[in-house]
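Below is one structure, written out as structure tokens; comments come after it.
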Amino acid sequence: MGQFAAVMLVFGSSLFRLRFAPESERRVFGPWYRSVLIAAAIITLVSSLAWLDVEAGTMSGEWSNAANPHTVATVLYRTSFGQVWQLNLAAAAILLCVVFAPAKIQHLKSWSGIVVGLSALLIATSTWTGHAVMHGGLMGDIHPFVQVVHVLAAATWLGSLPALGFALHSLRKPELAAQRSAAQHLLRGYSRMGYLAVGLVLLTGCIDTWFMVDSFGALFSTSYGRILVAKISLFLLMMGVAAVNRFVLTPTIMHSGSNVTAAEASLRQLRRTVVLEQILGVSIIVLVSVLGTVAPPMPGHMEM
């Protein structure tokens, strides 16, 4: 869970900086972004290093084997997980090096693009060892791709929320024309990205559920199904909060004109709802981590 959440934060925040960070707020946003990036990159590398030992213990059925050199070597060199892990570790190590690049380089758009690309690779590798690769045939070819798109779309939304919240927090003076204009520009662009991200999450989520759950009844009669229902419920709640942001609060800010009081009140409420979205997002990530440890229902299941 640690690496998954950290990489989503790196991906979303970097994408936000690349696309939406207001020019007038770069000096304020920069230090926050660098602090988040360094912390998340360190967590990612440490989690990646620990992942191999955890998997060795899980595959062997004995946690004492997590530090057994022979078991670890077997997992590393004789399993598909080992190949994926090597790629994951390399990407995590390179990401950490890139994060500590000189400040002059970090101001380049190409640097942000590299960070986005590395974090996207880390997100993709996290899906190549789970339930998405358990199928054979055509489904086995399609499901991993669907899962990667699903998680990247989710990371675009969930991972960028802290950056959005910080940017909105820094725009606390709507009576200043420059800050109001920056807020309007930010919300206009972010809304467009949000439509695409949420649409992809919905589409790929439906496909993923169809792959993983063999019947509607399994959603309520199996442990996997019930956790999935909880995840879907939180996602729908999060969509509701996002809808309020987009269709109620954002229009007020965009069309407030000379009504500074209305703009200020809407910005304040928007900051609160973005925090609520982050709380719901973290809850969803926790449930996703739990889902990864639970076997999906098989045809003819009898669990109640």
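The values are calculated or read from the model by the stated rules, or taken from the named source; none is laboratory data. Model, not experiment: these values are computed from the prediction. So basically every Cβ, Gly included, is an ideal-geometry build from the backbone, and we count neighbours across all protein chains shown.
Quick notes
- Filtered by the rule that a residue be in a helix (DSSP H, G or I) and either modelled with pLDDT of 90 or more or hydroxyl-bearing (Ser, Thr, Tyr) (or both), segment 249-269 gives 250, 252, 261, 266, 269.
Residue by residue, here is whether (1) closer than 22 Å to residue 127 by Cβ; (2) within 17 Å of the chain's Cα centre (by Cα) holds:
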site	(1), (2)
3	yes, yes
78	yes, no
90	yes, no
111	no, no
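- Some residue of segment 270-293 being closer than 20 Å to residue 143 by Cα, among the polar types (S, T, N, Q) and modelled with pLDDT under 90: yes
- Filter pass, residue 204 being crowded, with 19+ Cβ neighbours inside 10 Å and either modelled with pLDDT of 95 or more or under 17 Å from residue 139 (Cα atoms) (or both): yes
- Any chance residue 242 is crowded, with 19+ Cβ neighbours inside 10 Å and modelled with pLDDT of 85 or more: yes
- Single unsatisfied condition, residue 45 versus (1) touching an Asp or Glu at 6+ places or on another chain (Cβ under 9 Å); (2) surrounded by 14 or more Cβ atoms within 10 Å (Cβ to Cβ); (3) among the aliphatic types (A, V, I, L, M): (1)
- Number of positions in segment 192-249 that are of a type outside the set (A, V, I, L, M), in contact with an Asp or Glu (Cβ under 9 Å, 6 or more places away or on another chain) and more than 14 Å from residue 287 (Cβ to Cβ): 3
- Boolean, residue 124 is surrounded by 19 or more Cβ atoms within 10 Å (Cβ to Cβ), at pLDDT below 85, within 20 Å of the chain's Cα centre (by Cα) and part of a helix (DSSP H, G or I): no
- Scanning segment 207-232 for residues that are aromatic (Phe, Trp, Tyr) and surrounded by fewer than 15 Cβ atoms within 10 Å (Cβ to Cβ), we see that the one that is nearest to the chain's Cα centre (by Cα) is 210.
- Long-range neighbours under 8 Å by Cβ, at least six apart or interchain, first residue more than 17 Å from residue 169 (Cα to Cα) within segment 28-54, second among the charged types (D, E, K, R) and at pLDDT 95 or above: none
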